[in-house]
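All of the numbers you see were taken from the coordinates with simple rules; none came from a lab. Predicted model only: the values in this text are computed from it and were never measured. Counting neighbours? That spans all protein chains shown, and the Cβs are built from the backbone with ideal geometry, glycine included.
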């Protein structure tokens, strides 16, 4: 593993840290995240299934745009 991989790991860690800080301090403002149309939620008497399909697509697009901006 070269120094370039180490730099990218540090950048990824900083991004995860910033995302965690944003969720910690602004959780009351982010209530829509995970409740978008297209997020699959099945709740039965003894069973719960949740798959945030639309939320994952939006987060993926945002991460992809950020990566393209840094290239």
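Ranked by the mean number of other Cβ atoms within 10 Å per residue, highest first, peptides 16-24, 39-47 order as 16-24, 39-47. Dividing the mean sequence gap of close Cα pairs (under 8 Å, 6+ apart) by how many residues the chain holds gives a relative contact order of 18 percent. Mean separation of Cα pairs under 8 Å and 6+ residues apart, divided by the residue count of region 32-71: what relative contact order is that in percent? After rounding, I find 32 percent. Against the main long axis of the alpha-carbon atoms of the chain, helix 3-25 sits at an angle near 40°. Between the entries [x] 4, 17, 24, 19, 14, 9, 6, 4, 2, 1, 0; [y] 3, 13, 14, 20, 19, 13, 9, 6, 3, 1, 0; [z] 3, 14, 20, 25, 22, 12, 3, 0, the label attached to P(r) over Cα pairs in 5 Å bins from 0, in percent calculated for this structure is [y]. Sketch the reach of a paramagnetic label on residue 51 as a point 7 Å from Cα along Cα-to-Cβ, and name the residues of region 1-43 whose backbone nitrogen lies under 18 Å away. Of the residues in region 1-43, 34-43 have backbone N under 18 Å from the label point off residue 51.
The long axis of helix 53-70 is offset from the longest Cα principal axis of the chain by roughly 10 degrees.
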